[in-house]
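Student: Dropping a structure here in structure tokens format, bear with me for questions.
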Amino acid sequence: MSDPVNPVPDVPEEAWSGVHRGPLREGEWIRLTDQKGRRHNFELVAGKRFFSNRGHIEHDELIGREEGFTIASSAGGEYLVFRPLLSEFVVSMPRGAAVVYPKDAAQIVAMADIFPGARVVEAGVGSGALTCSLLRAVGPHGTVMSWERREEFADVARRNVTQFFGGEHPAWRLALGDLQEALPASGERVDRVILDMLAPWECVDAVADALLPGGIVVAYVATTTQLSRYVETVRAHGGFTEPQPWESLVRDWHVEGLAVRPGHKMIGHTAFLVTSRRMAPGEAAPRKKRRPAPGAYGKDYTGPRPADLPAAVAEELFDD
């Protein structure tokens, strides 16, 4: 419960966190959850009503109260009231393109080591879900430069990001264009690059020129064919460390007394993630000494090949 004598101050506006402390106020977005787990996000406006199949709730009954309470609607429905978390906001935001789910956004922020003050390039802004996580990580002193090919996706992302942060984030630059052409033309030198696009292998040369030595590139790809093409293109380039691909799976659990078991819902495959670091100019990472699997780069393989591939390997066939 809040202390009216020594209230905890709100998060400073200059932090651009998208988070507030203290009583709910007009203009904020809140999240109502009913007894069946159905969720409703809306902006608080004095004098307005929220309507559902269980009656209505006056916005004025919510404004001025500390989040974390239950309220009954006019027809007796009970709702839990909180400000939405970023992870909750992104899965319920209006969508143009598919969103990057929180489990993947968290992996990208952690494994790409996105830090306050970082200069980050994002190719493919989607609906702005990952952009929100990147902006929160770099803070107001960093930069997130997002390129999007489709204007309708950029418009949706702009609205979502502005809604979450309560204004136009000072660290964000959103532009229409193809990263393969736009990044070299910009002359930018950056710390991190995130590729969320259909053909990220087309941008490897542009990324190599823009990334500072030690910088990290992350690709977010949905299919195994995309994964293979991208990883082999990065290997063949020679200016990056060995690509590291993985995916994350999230399974909930049912815990009720002695009934402890895996839940019936699971967030399975959403995408593969691949990270690699930029070598210094003129330097190359040590090549793997382990021989490729039989047939991996043989006659049936038509993609990019490692530069030092033994000639005999290129003649191998997969065993039936």
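Student: State whether the residues of region 38-45 include one that is closer than 27 Å to THR162 by Cα, open to solvent by 20 Å² or more (accessible area, probe 1.4 Å), modelled with pLDDT of 95 or more and not in a loop (DSSP other than H, G, I, E, B).
Tutor: No, region 38-45 contains no residue that is closer than 27 Å to THR162 by Cα, open to solvent by 20 Å² or more (accessible area, probe 1.4 Å), modelled with pLDDT of 95 or more and not in a loop (DSSP other than H, G, I, E, B).
Student: For region 278-300, enumerate the residues that are at pLDDT 80 or above and closer than 28 Å to LEU211 by Cβ.
Tutor: Correct list: ARG278, MET279, ALA280, PRO281, GLY282, GLU283, ALA284, ALA285, PRO286, PRO292, ALA296, TYR297.
Student: Just give me the residues in region 247-300 being closer than 25 Å to ILE216 by Cβ, part of a loop (DSSP other than H, G, I, E, B) and touching a helix residue (DSSP H, G or I) at 6+ places or on another chain (Cβ under 7 Å), in sequence order.
Tutor: SER248, THR270, ALA271
Student: Something else: What residue, among those in region 157-177 that are touching a strand residue (DSSP E or B) at 6+ places or on another chain (Cβ under 7 Å) and assigned to a loop (DSSP other than H, G, I, E, B), is surrounded by the most Cβ atoms within 10 Å (Cβ to Cβ)?
Tutor: Among them, the one singled out is ALA171.
Student: For residues that are modelled with pLDDT of 95 or more, open to solvent by 50 Å² or more (accessible area, probe 1.4 Å) and assigned to a loop (DSSP other than H, G, I, E, B), tally how many sit in region 65-84.
Tutor: Of the residues in that region, 2 qualify.
Student: When you scan region 122-139, do you find a residue that is open to solvent by 40 Å² or more (accessible area, probe 1.4 Å) and closer than 24 Å to PHE89 by Cα, even just one?
Tutor: Yes, region 122-139 contains a residue that is open to solvent by 40 Å² or more (accessible area, probe 1.4 Å) and closer than 24 Å to PHE89 by Cα.
Student: Of everything in region 263-277, what is within 22 Å of GLY239 (Cα to Cα) and open to solvent by less than 90 Å² (accessible area, probe 1.4 Å)? Give them in sequence order.
Tutor: Correct list: PHE272, LEU273, VAL274, THR275, SER276.
Student: Restricting attention to region 188-208, report how many residues are open to solvent by 60 Å² or more (accessible area, probe 1.4 Å) and out of contact with any Lys or Arg (no Cβ under 9 Å at 6 or more places or on another chain).
Tutor: Total satisfying the criteria: 3.
Student: Determine which member of the set ALA97, ALA75, ALA110 is in contact with a Gly (Cβ under 9 Å, 6 or more places away or on another chain) and within 30 Å of LEU195 (Cβ to Cβ).
Tutor: ALA97
Student: Could you say which residue among ALA285, ALA280 is farther than 30 Å from ALA98 by Cβ, touching a strand residue (DSSP E or B) at 6+ places or on another chain (Cβ under 9 Å) and open to solvent by less than 30 Å² (accessible area, probe 1.4 Å)?
Tutor: Going through ALA285, ALA280 in turn, the sole match is ALA285.
Student: Quickly run through region 140-156 and pick out the residues that are part of a strand (DSSP E or B) and either of a type in the set (Ser, Thr, Tyr) or open to solvent by less than 10 Å² (accessible area, probe 1.4 Å) (or both).
Tutor: THR143, VAL144, MET145, SER146 - these are the residues of region 140-156 that are part of a strand (DSSP E or B) and either of a type in the set (Ser, Thr, Tyr) or open to solvent by less than 10 Å² (accessible area, probe 1.4 Å) (or both).
Student: Here is a follow-up. Here are some residues: ARG54, ARG95. Which one is open to solvent by 60 Å² or more (accessible area, probe 1.4 Å), at pLDDT below 95, more than 24 Å from LEU135 (Cβ to Cβ) and of a type outside the set (Phe, Trp, Tyr)?
Tutor: ARG54
The values are calculated or read from the model by the stated rules, or taken from the named source; none is laboratory data. Quick caveat, the model's predicted, so the values are computed rather than measured. Counting neighbours? That spans all protein chains shown, and the Cβs are built from the backbone with ideal geometry, glycine included. Note: areas computed on protein heavy atoms with side chains; ligands, DNA, RNA excluded. Shrake-Rupley method; radii C 1.70, N 1.55, O 1.52, S 1.80 Å.
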